[in-house]
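The values are calculated or read from the model by the stated rules, or taken from the named source; none is laboratory data. The structure presented is a predicted model; accordingly, all values stated were derived computationally and were not measured. Positions of Cβ are backbone-derived with ideal geometry, glycine not excepted, and every protein chain shown enters the neighbour counts. SASA here: full protein model, heavy atoms, side chains in, ligands and nucleic acids out. Shrake-Rupley method; radii C 1.70, N 1.55, O 1.52, S 1.80 Å.
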Amino acid sequence: MTSRTTPQQSRDSRDKYTVLLPTYNERENLPLIVWLLVKYFNKSGYDYEIIVIDDASPDGTLDVAKQLQEIYGKDKVVLRPRASKLGLGTAYLHGIKQATGNFIFIMDADLSHHPKFMPDFIKKQKEGNYDLVSGTRYRGSGGVYGWDLRRKLISRGANFLTQTLLRPNASDLTGSFRLYKKEVLETLVEKCMSKGYVFQMEIIIRARQLKYTIGEVPISFVDRVYGESKLGGNEIVSFAKGLLLLFATT
């Protein structure tokens, strides 16, 4: 008896997932995050590519990325370096232009986001055909590990203020582990004006404005394994300014 392929299976077989990894001084973290990504994608059977967007890291991150490309293949590890540190939003735009997947994951390269949650993102997206699926640290089994009290207060405070002022209908506004339909991410990034810490928050606000559907998946966030956090006083000031700007214009 000949088996028949269902429409769902047919669509799944055509799906390809692009992972955008903006990097700056991540030479110690990059080999492990790429190994984990390859492991979980190979286990799931989904087609994928990993685009490393390095902003001229002085620690040799790009050299490590070239070695990883030799190990895993140029079709799986794609290098799209830039001449300098130009901001997260432009890094995503740079990566999107090179992406061949119809879905795009964005995540940190510092091992804060574990690829083991990616199947949950894919499952959630397919359940509701969501335009984007966001990882949340603040619902269900989600949580944060390895942060000191200051970092926890900053994150909680940022989310509380945003929820109060903007009512975005999403529980985690400052997280950066998300899955998008490619055309949705491209539209959102082009409309965002913010940089740095506030950028991820603005994406959710713009998604709400454009009536995009948003799903959420609980994740565990673990503080970076190597290197120092890039969240400093300037980022906090930038967040406050960006929040007020969004409140005034949305």
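Key figures for this structure:
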{"read-out": "Residues (hydrophobic (A, V, I, L, M, F, W, C) and open to solvent by less than 80 Å² (accessible area, probe 1.4 Å)) located in region 60-72", "value": "L62, V64, A65, L68"}
{"read-out": "Matching residues, region 193-220, being open to solvent by less than 20 Å² (accessible area, probe 1.4 Å) and either touching a Phe, Trp or Tyr at 6+ places or on another chain (Cβ under 8 Å) or of a type outside the set (S, T, N, Q) (or both)", "value": "V198, F199, M201, E202, I203, I204, I205, A207, G215, V217, I219"}
{"read-out": "Residue within region 192-201 that is at pLDDT 85 or above and more than 19 Å from F160 (Cα to Cα) present", "value": "yes"}
{"read-out": "Output for region 33-56, where each listed residue is outside any strand (DSSP E or B) and either buried (at least 20 other Cβ atoms within 10 Å of the Cβ) or not small (G, A, S) (or both)", "value": "I33, V34, W35, L36, L37, V38, K39, Y40, F41, N42, K43, Y46"}
{"read-out": "Criterion: within 22 Å of Y40 (Cβ to Cβ) and in contact with a helix residue (DSSP H, G or I) (Cβ under 7 Å, 6 or more places away or on another chain) - qualifying residue of L93, L88, L68, L161", "value": "L68"}
{"read-out": "Some residue of region 170-187 being open to solvent by 80 Å² or more (accessible area, probe 1.4 Å), within 26 Å of K16 (Cα to Cα), part of a helix (DSSP H, G or I) and modelled with pLDDT of 90 or more", "value": "yes"}
{"read-out": "Qualifying residue in region 98-121 (condition: at pLDDT 95 or above, of a type in the set (V, I, T), farther than 19 Å from D172 by Cβ and outside any strand (DSSP E or B))", "value": "yes"}
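Residue-wise test of (1) among the aromatic types (F, W, Y); (2) surrounded by 23 or more Cβ atoms within 10 Å (Cβ to Cβ); (3) closer than 25 Å to F221 by Cβ; (4) without any contact (Cβ under 8 Å) to a residue 24 or more places away in the chain.
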{"site": "N25", "(1), (2), (3), (4)": "no, no, yes, no"}
{"site": "P58", "(1), (2), (3), (4)": "no, no, no, no"}
{"site": "R82", "(1), (2), (3), (4)": "no, no, no, no"}
{"site": "Y92", "(1), (2), (3), (4)": "yes, yes, yes, no"}
{"site": "I96", "(1), (2), (3), (4)": "no, no, yes, no"}
{"site": "D108", "(1), (2), (3), (4)": "no, no, yes, no"}
{"site": "G128", "(1), (2), (3), (4)": "no, no, yes, no"}
